[in-house]
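Everything on this sheet refers to the single structure shown next.
The values are calculated or read from the model by the stated rules, or taken from the named source; none is laboratory data. Please read these numbers as outputs of a predicted model, since none were measured by experiment. Note: ideal-geometry Cβ built from the backbone for every residue, glycine included; neighbour counts use all protein chains shown.
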Amino acid sequence: MAKNLAVIIRETFYGSFLLFLLFVILESIWPNIILAYFNLNYLLLLTIIFGLASLIKPAPRRN
Amino acid sequence: MLKSIWEKWPFLFKLRFILGLILFIIIIVFLYLKVVPFGHIIYERDYTKSLRSGKGFILGFTPAERVDLKSAEVPRLIGDPIYFSVFTPRTFDKAKMTIVYRDNLALDTPIVEAGVLVDNILWRYDLKPVDNKALDYLMMKWNKIEEAGLILLQKEKNYNSLSDFNKDFEAGNLKDCASGLENCLAVYNYSPNYNYQISNYKTGQPIVLEKPLRGAHQFYVYLNNEPLRLEFILADLNQDLKAAPIEIKIYSGDKVVASESLADENLKPGSGEVEERKIVLNPTNLKPGVYKVEVKITDDMVIKKIVSSLSRLSFINKVWPVSNAGPLTLYTDSNYLQVKALNPASLQTINFAGLGFKVTEPYRQFDFKSDLLIKSKAIILKKDDVILENNGVFAWSPESLFNPSLPKVDRYFSVKTDAGYIVANYNKPLSEEGFKTATVDFDLKGAYREKGKYSFMISVPGLKSDDNIDDNLEIYQIKIELNGRTLWQKIWQ
């Protein structure tokens, strides 16, 4: 269970980081289409939290 | 089948599949909101709620000195006009704006209007009525007929329908109206087909105007079996970096009958070197009547000279003389005058209709009112470079002054009017527990859009932030319903 939780944290970090990058790209192409609805700082904060959590509780490496 | 496939997948694969699906859905949702494929979307801003997830589509009010954001939970508009922009991810054809507000306005500010920017050079907004207390009052007191989206108000009931009224109006023969149509009928947000004629018109000396005027101007000319020739000498001051194109149009009603334009290559931006240009308009086969001439230039240009073939020429609503050549006398038909000096050297005491009015601060708008009941009132300026505005016309001689437009139910309209009829395109706002809700429709096809934003305005003529009167308009909610072409119409049409 603890192993799965670590994997979930790591994968959520990857996912939120990827989403953040996609949002930044979309925002650069069509300004304001994301920021009008959603403040990207919230997503960045979430990404940092999951990033830090995955450092504290690293998922086991696959052989 | 699906269940067995799902069970065969390892945990990491399942997790990545779910996260990928969420990511995909989120991106699709944002792309949908960008494209608005069905051509219909609503944006709203509730000013009672302080928490917002994003920047929103309806952006803040400007300029800051005309908005009080501190003394109440909602913004209070304390000056006129107020601007705000609306971001849209694509273009739309129509907008329906709903404003919920609380009216704490004084009696001398009976009108609230909203508009969308349609011309960024003339800085012209297509204004629509939100609230008109003079009309609200007269709708209760006078006889009211509603027909085809219009309201006909009669002091004495002479007509049973608007179509009967229109028949008589077009014939120039309204009941109980002996003093001319312009003295019997007032309008609001409505321009009837009105064939204005100057009675006992005699051809006079053609007007040659060598009084430089800065920026865009509009004027009326009147012709009666005479040729129309207009020659303009314009000067590009090159004090700013922008190009200074020129566009001059002659209108008969809403129809353009002649136009000329001159592009600017902008070879000397900001140099201060004056470049002169000349434009001549010489339309033929014009019917007798009134024509409106629109000179569309930036404030970095000056109309140095106008040579006309006609003797009647009146500037509409605004003049900005900049001759720097000492005293200047103009005439207006309106009872009030708004004056703004943009230069400290232009501060002075202005003589308007025989009374002295002081302009004591630059960049501040001063309102002067006269009770004199004469048709042309003199404005004597000791120095020019002041912007003069009102709801009437201006001319450089009383002989050339004429105003073909019907009186409007504006800020200075008195409910004790001599006019016996009012025709208005107006819907009274809904009022409930002190809150008013008004809905205004805009055509966005001709609206100006820059960087994905339409510019809107809320205007309360006469509302001033620096008059020490505690009057304001509290804005609680703005909702904008946008309609445009669907994605399929965009692709296939």
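Things worth noting here:
- Residue that is farthest from the other protein chains (Cβ to nearest Cβ) [pool: residues in the stretch B:420-434 that are in a loop (DSSP other than H, G, I, E, B) and of a type in the set (D, E, K, R)]: B:LYS428
- Of the residues contained in the stretch B:129-140, one or more are found to be in a strand (DSSP E or B) and charged (D, E, K, R).
- Checking B:LYS49 against (1) part of a loop (DSSP other than H, G, I, E, B); (2) more than 10 Å from every other protein chain (Cβ to nearest Cβ); (3) in contact (Cβ under 8 Å) with a residue 24 or more places away in the chain, the condition it does not meet: (3)
- Test for B:ARG449: is it touching a strand residue (DSSP E or B) at 6+ places or on another chain (Cβ under 9 Å) and modelled with pLDDT of 90 or more: yes
- Residues that are closer than 14 Å to B:LEU31 by Cα and at the interface with chain B (Cβ under 7 Å from one of its Cβ atoms) within the stretch A:1-29 comprise A:LEU19, A:LEU22, A:LEU26, listed in sequence order.
- The criterion of being surrounded by fewer than 16 Cβ atoms within 10 Å (Cβ to Cβ), within 11 Å of another protein chain (Cβ to nearest Cβ), assigned to a loop (DSSP other than H, G, I, E, B) and on the phi < 0 side of the Ramachandran plot does not hold for A:PRO58.
- Residues in the stretch A:41-50 that are within 11 Å of chain B (Cβ to nearest Cβ) and either modelled with pLDDT under 90 or surrounded by 16 or more Cβ atoms within 10 Å (Cβ to Cβ) (or both): 1 in all.
- Residue in the stretch A:30-37 that is surrounded by fewer than 17 Cβ atoms within 10 Å (Cβ to Cβ) and either in a helix (DSSP H, G or I) or away from chain B (no Cβ under 12 Å) (or both) present: no
- Top-ranked residue of the stretch B:77-102 - restricted to ones that are under 12 Å from B:ILE458 (Cβ atoms) and outside any loop (DSSP other than H, G, I, E, B), ranked as nearest to the other protein chains (Cβ to nearest Cβ): B:PHE84
- B:ILE5 farther than 18 Å from B:TRP488 by Cα and within 12 Å of chain A (Cβ to nearest Cβ): no
- Residue among B:LEU33, B:LEU59, B:LEU15, B:LEU23 that is under 30 Å from B:ASP103 (Cα atoms), within 11 Å of chain A (Cβ to nearest Cβ) and surrounded by 13 or more Cβ atoms within 10 Å (Cβ to Cβ): B:LEU59
- Residue selected from the stretch B:342-399 under the condition part of a loop (DSSP other than H, G, I, E, B) and aromatic (Phe, Trp, Tyr), by the criterion nearest to B:GLN205 (Cα to Cα): B:TRP396
- Selection from the stretch B:435-493 of residues that are without any contact (Cβ under 8 Å) to a residue 24 or more places away in the chain and within 14 Å of another protein chain (Cβ to nearest Cβ): B:LYS451
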